[in-house]
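The values are calculated or read from the model by the stated rules, or taken from the named source; none is laboratory data. Values in this document were obtained by computation on a predicted structure and should not be read as measured data. No Cβ is skipped: glycine too gets one built from the backbone with ideal geometry, and neighbour counts run over all protein chains shown. Protein only, heavy atoms only, side chains kept; ligands, DNA and RNA dropped before computing areas. Shrake-Rupley method; radii C 1.70, N 1.55, O 1.52, S 1.80 Å.
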Amino acid sequence: KTQVEQSPQSLVVRQGENCVLQCNYSVTPDNHLRWFKQDTGKGLVSLTVLVHENDKTSNGRYSATLDKDAKHSTLHITATLLDDTATYICVVVDRGSALGRLHFGAGTQLIVIP
Amino acid sequence: DMKVTQMPRYLIKRMGENVLLECGQDMSHETMYWYRQDPGLGLQLIYISYDVDSNSEGDIPKGYRVSRKKREHFSLILDSAKTNQTSVYFCASSPRQNSGNTLYFGEGSRLIVV
């Protein structure tokens, strides 16, 4: 059963536009949530981590929110650039797991066009 | 330089052949992981290693085994590869388990089994 659902599956925006990516999860108990960026043919690179209820983080043009009650997170990308073209992956850490289990979403593929 | 290095990056093997994927990290991290990534799915955990010779099965260990004789190296072995093991394999490391906030990924090893 998929415990981390991301939407949309893919998204096309024009350079300069803003976009919002969604992550819903059912992992229990959840510890913290992380957003990763994966360029085509590359590994995952961490963008931001959210730990507490109603956490908000900002990393340049990337900002994220977490609602632990709703088990929902959003990643906002402001003024997109062509280099933002990538897959964005939401990861929820299961603090109850003895294996240090990370639950990965399938990702949102973002394409930024000129 | 904090880095996870995977070798080889690309590999084509015939069904039934043995496969060795190697991973190295230069951060003295205790915990290392092997994942596979398939289209439309989140990363799936194959094995986790907590330190030298301290390995545990993940969610999909069947058909795989691992070896960790030095802290900085973690190998994934496929004895008699199958076509359904065609995938992209990612190695990751972290200083301790459940630390999604300090998780480093390699760039992946793309395996094709024909």
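Only one residue in A:V12, A:V20, A:V45 is open to solvent by 70 Å² or more (accessible area, probe 1.4 Å), more than 9 Å from every other protein chain (Cβ to nearest Cβ) and not in a loop (DSSP other than H, G, I, E, B). Which one?
A:V12
Just a yes or no: is a residue in the range B:37-49 open to solvent by less than 50 Å² (accessible area, probe 1.4 Å) and over 30 Å from A:S7 (Cα atoms)?
Among the residues of the range B:37-49, at least one is open to solvent by less than 50 Å² (accessible area, probe 1.4 Å) and over 30 Å from A:S7 (Cα atoms), which makes the answer yes.
Kindly establish whether A:A106 is at pLDDT below 90, among the small types (G, A, S) and either open to solvent by less than 60 Å² (accessible area, probe 1.4 Å) or under 20 Å from A:N31 (Cβ atoms) (or both).
no
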